[in-house]
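Below is one structure, written out as C-alpha cells, with a few remarks after it.
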Amino acid sequence: MNYQVGTDQFINDLERVSQVRSEISICLSRIADTINQAELAGDTSSGKLSLIRDIEDITAASKNLRNGVFRLLVLGDMKRGKSTFLNALIGENLLPSDVNPCTAVLTILRYGAEKKVTIHFNDGKSPQQLDFQTFKYKYTIDPAEAKKLEQEQKQAFPDVDYAVVEYPLTLLEKGIEIVDSPSC
Ligand SMILES: Nc1nc2c(ncn2[C@@H]2O[C@H](COP(=O)(O)OP(=O)(O)OP(=O)(O)O)[C@@H](O)[C@H]2O)c(=O)[nH]1
Ligand SMILES: [Mg+2]
C-alpha cells in the first residue's frame, strides 16, 4: 500500500481547509447574531432565554477560525529527532539539531517573507532578533545539563517565553504554525 502524500495535493488540501474554516467562521457569526436578536426580541415579549454565554462561546469560536492559524505541535522525548524532522520539512538546517545540543526554548515556526528568528521574553524585555548561528549557539544546552534541569523541574531559560522562526515556505503560508518543543 502506498502511504505517500503528494506535496502539491497536501498544499491544495490546506488551501481548502483554510476556505472551509473561513466559511464555518461566517456561519457561526450568523448563528451568534440570530441568537442575539432572538434574545433582544425575547426581552420585550416572552423573556430572555439566558443564552449570553452561548453567544460569547460561538463568537469566540468564529474568531478563532477566522484567525486561521492551525498549530501543529511536535512532541517527543529528548533526542528523538524532532528538530531534525522539522529541518527536513523546511529543507534547511535552521533549527538546532545534533547529538549534543538540546532545543531549550519553545520555537514557533511560521510564515515570513524573510527568514529570521526572534526571541520573545516573559519579563517585559523587548523581543530580540538574532542571526541563526547565535540562536543555535545561545539557546541550546548540553544533554547533561538538560537532564539535571529536568530532574530539578527547572527551565533552561526562564526569562524566555518562546522563539519565532519565520521562513518563506509555501506550507507555512497556508496558516500553519509548527511548534518545536524543548525537552528541557
Ligand atoms: N538514526 C537516526 N538518527 C536520527 C534521526 N532523526 C534524528 N536523528 C539524530 O538524532 C540526534 C538528535 O536529533 P534532534 O533532531 O536534535 O532531536 P530532538 O528531538 O530535537 O532533540 P532535543 O531538542 O534535544 O529534544 C541527531 O544527531 C540526529 O542526527 C533518524 O530518523 N534516524
Ligand atoms: Mg530539538
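The values are calculated or read from the model by the stated rules, or taken from the named source; none is laboratory data. These figures come from a predicted structure and were not determined experimentally. Heads up, the Cβs are rebuilt from the backbone with ideal geometry, glycines too, and the neighbour counts pull from every protein chain shown.
For the reader, a short list of remarks on this structure follows.
- So VAL165, is it under 20 Å from the mean Cα position of the chain (by Cα), in a loop (DSSP other than H, G, I, E, B) and under 26 Å from GLY68 (Cα atoms): no
- Criterion violated by LYS174 - all others in (1) out of contact with any helix residue (DSSP H, G or I) (no Cβ under 6 Å at 6 or more places or on another chain); (2) more than 16 Å from ligand 1 (Cβ to nearest atom) satisfied: (1)
- Taking the numbered list (1) buried (at least 16 other Cβ atoms within 10 Å of the Cβ); (2) closer than 20 Å to PRO168 by Cβ; (3) modelled with pLDDT under 95 in turn, LEU149 passes all entries but (2).
- The condition of being surrounded by 11 or more Cβ atoms within 10 Å (Cβ to Cβ) and either assigned to a strand (DSSP E or B) or within 16 Å of ligand 2 (Cβ to nearest atom) (or both) holds for only one of LEU65, LEU109, that being LEU109.
- Region 73-97 - residue that is assigned to a loop (DSSP other than H, G, I, E, B) and surrounded by 15 or more Cβ atoms within 10 Å (Cβ to Cβ) and, of those, nearest to the chain's Cα centre (by Cα): LEU95
- GLU39 more than 17 Å from LYS63 (Cβ to Cβ) and at pLDDT 90 or above: yes
- Residues satisfying the stated conditions in region 11-60, i.e. small (Gly, Ala, Ser) and part of a helix (DSSP H, G or I): SER18, SER22, SER25, SER29, ALA32, ALA38, ALA41, GLY42, ALA60
- Flag for ASP123 being surrounded by fewer than 17 Cβ atoms within 10 Å (Cβ to Cβ), closer than 15 Å to LYS79 by Cβ and more than 20 Å from the chain's Cα centre (by Cα): no
- Residue satisfying condition, being out of contact with any Cys (no Cβ under 8 Å at 6 or more places or on another chain), assigned by TED's automatic domain parsing to the domain that holds GLU150, of a type in the set (Ser, Thr, Tyr) and within 29 Å of ALA163 (Cα to Cα), within set SER83, SER18: SER83
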